[in-house]
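Structure first, commentary second.
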Amino acid sequence: MGEKHLVSEQFLDALEFRGLSRRDFLKFCGATSALLGLSELYTPQVASAIEKASKRPPVVWLNFASDSGCTESLIKATYPNAADLVLDILSIDYNETIMAAAGKQAEEVLAKSLKDGRYILIIEGGVPTKKGHGMIAGKEMIDILKDFSGPAAAIIAVGSCATFGGVPSANPNPSQIVGVSEALKKTGVNKAVINLDLCPVNVEYLVGVVVNYLLLGSLPELDSFGRPKMFYGRIIHDNCERRAHFDAGRFVEQFGSKEETMGYCLYKMGCKGPMTSSECPKVRYNDKINWCIGAGAPCIGCAEQGWPDKFARFYERLPGVKIPGFGGIETTADKIGAVAAAATAAGIAIHAVASASSGRTKDKEKEEGK
Ligand code: SF4
Ligand code: SF4
C-alpha cells in the first residue's frame, strides 16, 4: 500500500504512542473511504487528511435542549476510537459536558473561539424559541446560536433534537423547540446547516463529514432535508438484512414468538424502515456490532424530520404498505399522510417486483438455507 508516501512516519509513530497501531489506523482510513463512497484507492488521501487534521481545526460544540445523548455517543465510540483519532485531534475548544475547564475559565475559552472565528460549530439539542424557556448564563439559547453561527466555517447539527427538534419538540412542545436550521431562519442568519439526523447521532457519520471537509475542503452534497446524501440516500428497507423475509411474506406477529427467534421481518411490529432513509444497516452502532433491527427492535424512524410525532405510535404498523405475497393493502393507521403512504407503497411494490424478477429473493433465501 502507498499510505506511507502520504502520511509521515512521525505521525504514525505518534499514533502508535497513543495506543493506535498503524494497521488499525489504516483499517480506519479504509472504512472511512468506504463510508464516503470512495474506493479503497483513496485510503492514502484519507490518511493524509487526518494527519492534516492534527493541525487541529477548532471545534465549538454547544449543547441546547437535549439529554446529551450525542456527546455520550461520541465519548463511547470505540470504532475506530473516533474521539481519539479525529475529534480529539481536532481542537474541541469548547464542549461543556466533557471539557475540563469550568466557570469563568470555560467562558473565556468560548469568547476567544468566537473572536478567532472559522471554527466548526457543532450543535447538540433543539432550540427553545419561547422566551425564557432555554437560557444559559442568563442568555437565550437562540441568541447564543445566532452569535456563534456568523463566524463559523461550517455548522453541523448532530442528532434529531438539533436537526428538527426531536424528542424535546414532541407534542405539546410548550417551549416551542425547533431544530437549528429553523431557529437560524428566525434570527435572520442565512447559513447552510449539515443535519446529521438520528437519535443519538452516529459518530461515524460525524467523522465522515469532518474527514470529507478536510479532504475536499467542502461540505458534502445534501438532500432536501440538509442531510448528507452519502448517509441518507437510501431507505433502510432497501438495505435491511430482513428484507428477504418481507419479500417472502414472513413476519413477526408477536414479540416472544417463534417467528421472532427466526429473525423474520418486523414490519407488522411497527417497523418504519420503509419510510426512513439512513445507512444504519451498513454503518451500525457500537463498533459496528449491531443496530436496531439487527437487535430485534423495529426501526422507529429517528432519522426523519417530524420524528417522534410523525411515527408515534412506534409499534403500530405503517399504513398502505403493500406486502408482496399477500397482495393486500394495510389501511389501519392514518397517522401518516395518504399521499406519502401511497408513494411508499408504490415504491415498495415496484422494488419487490424488481427483486423477485431479478431472482434476488430466491438467491437470498438460498444463502440463508431456507
Ligand atoms: S419492514 Fe423493517 S424489518 Fe422488515 S425488511 Fe423492511 S426495514 Fe427490515
Ligand atoms: S434503524 Fe431506525 S430507529 Fe434505529 S437508528 Fe436507524 S433510523 Fe433510528
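The values are calculated or read from the model by the stated rules, or taken from the named source; none is laboratory data. Just so you know, these numbers come straight off a predicted model, no measurement behind them. Glycine gets a Cβ as well: all are built from the backbone with ideal geometry, and neighbour counts include every protein chain shown. Side chains included, ligands, DNA and RNA excluded: accessible areas come from the protein's heavy atoms. Shrake-Rupley method; radii C 1.70, N 1.55, O 1.52, S 1.80 Å.
Scanning the range 304-322 for residues that are more than 13 Å from ligand 2 (Cβ to nearest atom), closer than 14 Å to Lys268 by Cβ and open to solvent by 20 Å² or more (accessible area, probe 1.4 Å) yields Arg313, Glu316, Arg317, Lys322. In the range 287-303, the residues that are more than 12 Å from Tyr267 (Cα to Cα) and within 12 Å of ligand 1 (Cβ to nearest atom) form Cβ pairs under 8 Å with partners that are open to solvent by 30 Å² or more (accessible area, probe 1.4 Å) and of a type outside the set (A, V, I, L, M), at six or more places apart or across chains, as follows: Trp291/Arg284; Trp291/Tyr285; Gly294/Glu241; Gly294/Arg284; Gly301/Lys310.
For the range 25-55, the set of residues classified as open to solvent by 70 Å² or more (accessible area, probe 1.4 Å) and over 19 Å from Ser218 (Cβ atoms) consists of Lys27, Glu40, Leu41, listed by residue number. Across the range 262-278, what is the total count of residues that are in contact (Cβ under 8 Å) with a residue 60 or more places away in the chain and more than 8 Å from ligand 2 (Cβ to nearest atom)? Of the residues in the range 262-278, 2 are in contact (Cβ under 8 Å) with a residue 60 or more places away in the chain and more than 8 Å from ligand 2 (Cβ to nearest atom). Among (1) within 14 Å of ligand 2 (Cβ to nearest atom); (2) surrounded by fewer than 16 Cβ atoms within 10 Å (Cβ to Cβ); (3) not hydroxyl-bearing (Ser, Thr, Tyr), there is one condition Glu253 misses while meeting the rest; what is its number? (1) is the only condition that Glu253 fails. Contact annotation: residue pairs with Cβ atoms under 7 Å, 6 or more positions apart or on different chains, pairing a residue in the range 10-39 that is closer than 15 Å to Gly208 by Cβ with a partner that is of a type in the set (D, E, K, R) and open to solvent by less than 70 Å² (accessible area, probe 1.4 Å), are Leu35/Glu204. Only one entry of Pro200, Pro220 meets the criterion of being more than 16 Å from ligand 1 (Cβ to nearest atom), modelled with pLDDT under 95 and closer than 21 Å to Phe311 by Cβ, and that entry is Pro200. Scanning the range 218-246 for residues that are away from ligand 2 (no atom under 16 Å from the Cβ) and open to solvent by less than 20 Å² (accessible area, probe 1.4 Å) returns Pro220, Gly226, Ala244, His245. Looking at Val201, Val211, just one residue is more than 30 Å from Asn173 (Cα to Cα), open to solvent by less than 10 Å² (accessible area, probe 1.4 Å) and of a type in the set (Val, Ile, Thr), and that residue is Val211.
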